[in-house]
Amino acid sequence: MRYAVIGVALALAVGVRLWRRRRTQPGGYRLAAIGQVGGVTGLVAEREIRERFRSRMFKVGTGIVLLVVVAAIVIPVLRKGQHSHQQIGVVGTLPAQARATILAAGASLGIGLTLVPEASTAAAEQDLKAGRVHLVVVDGRRLIVDRAISATDTSAPTLLVRLVATQIGLQNALEAAGLPPDRAAALTHPPPLPVTSMQPARTRGTAQVTAIYGLILLYVLLTQYGTWIMMGVVEEKSSRVVEVLLSTMKPAQLLAGKVIGIGTVALAQASVLVALALILAKAVGSDLLHGSAPLEVMSLAVWLVLGYAFYCWVYAAGGALADRQEHLQTLAFPLQIPILFGYITSITALGSANPSTLIHVLAYLPPTAPFAMSALVADGAVTWWQFVLSAALTLVSTVLVARLAATIYRRAVLRTGARVRVRDVLSRAAA
Amino acid sequence: MSLVLDGLCRSYGEVVALDHLSFSVPAGQVVGFLGPNGAGKTTAMRAVFGLVSLDAGTVTWKAAPVGPAERRRFGYMPEERGLYPGMVVREQVEYLARLHGMTAADAGRATRMWLERVGVAERSESKVEALSLGNQQRVQLATALVHDPEFLVLDEPMSGLDPAGIDAIGAVLAEQAAAGRGVLFSSHQLDLVEHLCESVAIIDRGRLVANGRVDDLATAGSSRLVVRVAGDRDGAWARGLTGVTVSRVEAGAVRLVLDDHTSSQSVLAAAMQAGQVEQFGFERRRLSEVFREAVG
């Protein structure tokens, strides 16, 4: 499994290198096709894509998000790997029955065990300190661990120590009471009682784990893409190049080109992230893909697209109101509140068998629907038609928001010198 | 074959930016667009490109309303220069050429030619922000010209340039007009306008206050004479003449402004009576004088 992780990491590094090398060749890639198809809007989109791929902000941002995704998938698996196999040092002789008792204790906790002979107690203590062994059994009479065990610790390795201590103690006591060792051993690990269940096992848990990572990613990406749009609009406004651009096209064409261009980059970045996450999860055997998780992944993908479609216009209008990059902070914050609210409410609602009315309401409001609906899907608390209804509501309001944003953009983007207020732009006199 | 601004009106609340402004720019001419700060020049130029919504009035080119297709064949240099700071110069100019409808190949050729022409060819792979302001301005001019526009609108194209840059732009504008393009450009450097332009339009508070060929404006109105009489360094002979104002006396050369009822012949007679006339000629008004009179 570790080899799989290393393999994926290597493939990734090689891929990035090849991509960079291709990019640095003059005229390395051309997006002329887009430009020819879409007229001026296509040209604007083409420029956005080219400049975005080149920008340092894009490279660094993508790198960070990639690292986070890789870490989120690999670390839990590696940690689980650590616990699922352990070594136990044996000093002196250990009867076959005691040996069997220890292995049985490991099996009952889902931990594979290897017993390694130690030359002396001192050598065993060295191995304990270095972490090579987890536990040392001395002459079948006494156990040594590196750090004292706290009473409240219920992790699997701790339980193993407690179990081994009790079982071997019990076996020693039985032998002391005069039972032959094989009888004593049989009594220390009797065949367990059969357990029957009234309901099948819960499988929703995996979808919820996927949803946690998914919601975090959704939040990070929507905020990031919104910021790209906003900065793109302000860049043109503050450098005044927008006046030259608008002498050749309508504001709506410029805005549409920007949204399409940045949207294409966003989609490409998100696809790479998701593809990497899925491949990596499969390679390292992560839980992310089991049970109903694939459905959740699909839902998250749909809502990433819908969320971008909705928020890109909002951020574009916000950018048109700014005059300089410094205004961005103040303007971006109010736009971020619904995203943050939807994100926090939804992530805390995950795992509840009976989601609150608030979440159900938020799932139909376009600003919060990407998060709330994804959470409901993970909890298995929606039907397909509710999902479709919410998506349709978001699409319809996206059209309305786009029209409003285009109006604000058209009226505000040539007003320079100060921050423009929404009220001024939407008043009759500004028409 | 001209660009016609007809009855343009625009107010922002109480402020009137354009007040029934009408004039035209014929193809093949460089027309200077003059007026004090805040007179409405920039608003009028923006109106040509539909960047200002007008309360009334129309802009036509070759007798048809100016729409998106026409504007794409115009070149524009706005008052506030605008280029993407982080974009490579060549790509920037090519991009704008393509937005004006050129193919990628044509845009590449024209960009090379114009960057050479405005003297920034060796910086064509630099980012715009790495260039000096003067060079950025040259790039801006290249973006206005790269698509071989039929009509040029340049808002203060000379401001911020050194004399060599001013000469370069002047030569380009003259060449464009000679090739049959119309050029409208605004400037506060009146000597330059006088030198470059065939005609001017002067506006004040959104209204047209003077318009016509520079020659006509310079010779219109009251006649101006320069007269030198031997032995009279102070121009004493001219004082007291009726209908005549002495505007300046310089080493015996007297500059006179005649009112409408006074003929130059009567002044000549008075001068000849005073002594031997060494110099007698009509004088043109400088454009700066025309301007000051027009905007009062």
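Numbers at a glance
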quantity: Segments classed as helices (runs of 4 or more DSSP H), wholly inside the range A:344-431, with at least 2 members that are crowded, with 17+ Cβ neighbours inside 10 Å and under 26 Å from the mean Cα position of the chain (by Cα); calculated: A:357-362, A:369-379, A:384-412
quantity: Condition broken by B:PRO78, with the remaining ones in (1) touching a helix residue (DSSP H, G or I) at 6+ places or on another chain (Cβ under 9 Å); (2) within 14 Å of another protein chain (Cβ to nearest Cβ); (3) more than 30 Å from B:LEU21 (Cα to Cα) satisfied; calculated: (3)
quantity: Residue under evaluation B:MET113, criteria (1) surrounded by 16 or more Cβ atoms within 10 Å (Cβ to Cβ); (2) in a helix (DSSP H, G or I), criterion not met; calculated: (1)
quantity: Selection within the range A:115-165 - part of a helix (DSSP H, G or I), β-branched (Val, Ile, Thr) and under 41 Å from the mean Cα position of the chain (by Cα); calculated: A:THR158, A:VAL161, A:VAL164
quantity: Leading residue by the ranking (farthest from the other protein chains (Cβ to nearest Cβ)) among those in the range A:236-272 that are in a helix (DSSP H, G or I) and surrounded by fewer than 18 Cβ atoms within 10 Å (Cβ to Cβ); calculated: A:SER271
quantity: All positions within the range A:95-120 that are among the small types (Gly, Ala, Ser) and farther than 12 Å from A:LEU135 by Cβ; calculated: A:ALA96, A:ALA98, A:ALA100, A:ALA104, A:ALA107, A:SER108, A:GLY110, A:GLY112, A:ALA119, A:SER120
quantity: Qualifying residue in the range A:368-376 (condition: hydroxyl-bearing (Ser, Thr, Tyr) and over 20 Å from A:LEU395 (Cβ atoms)); calculated: no
quantity: In the range B:52-62, the residues that are within 8 Å of chain A (Cβ to nearest Cβ) and modelled with pLDDT of 90 or more; calculated: none
quantity: Any hit, the range A:320-343, residues being more than 30 Å from A:THR416 (Cβ to Cβ), out of contact with any Phe, Trp or Tyr (no Cβ under 6 Å at 6 or more places or on another chain) and either surrounded by fewer than 23 Cβ atoms within 10 Å (Cβ to Cβ) or in contact (Cβ under 8 Å) with a residue 40 or more places away in the chain (or both); calculated: yes
quantity: Residue in the range A:191-201 that is assigned to a helix (DSSP H, G or I), out of contact with any strand residue (DSSP E or B) (no Cβ under 8 Å at 6 or more places or on another chain) and either surrounded by fewer than 20 Cβ atoms within 10 Å (Cβ to Cβ) or aliphatic (A, V, I, L, M) (or both) present; calculated: no
quantity: Strands (runs of 3 or more DSSP E) wholly inside the range B:1-101 containing at least 2 residues that are surrounded by 16 or more Cβ atoms within 10 Å (Cβ to Cβ) and in contact (Cβ under 8 Å) with a residue 60 or more places away in the chain; calculated: B:2-12, B:15-26, B:30-34, B:74-77
quantity: Tally of residues being surrounded by fewer than 16 Cβ atoms within 10 Å (Cβ to Cβ) and of a type outside the set (Ser, Thr, Tyr) across the range A:116-127; calculated: 6
quantity: Yes/no for B:LEU241 being surrounded by 15 or more Cβ atoms within 10 Å (Cβ to Cβ), free of Cβ contacts under 8 Å to residues at least 40 places away in the same chain and in a loop (DSSP other than H, G, I, E, B); calculated: yes
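Every residue, every condition in (1) modelled with pLDDT of 90 or more; (2) more than 9 Å from every other protein chain (Cβ to nearest Cβ); (3) at positive phi, yes or no:
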{"site": "B:GLY38", "(1), (2), (3)": "no, yes, yes"}
{"site": "B:THR42", "(1), (2), (3)": "yes, yes, no"}
{"site": "B:VAL48", "(1), (2), (3)": "yes, no, no"}
{"site": "B:ALA64", "(1), (2), (3)": "yes, yes, no"}
{"site": "B:GLY67", "(1), (2), (3)": "no, yes, no"}
{"site": "B:VAL89", "(1), (2), (3)": "yes, yes, no"}
{"site": "B:MET102", "(1), (2), (3)": "yes, yes, no"}
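The values are calculated or read from the model by the stated rules, or taken from the named source; none is laboratory data. Just so it is clear, the structure is predicted and the values come from calculations on it, not from any experiment. Neighbour counts are summed over all protein chains in view; Cβ atoms, including those assigned to glycine, are modelled from backbone coordinates with ideal geometry.
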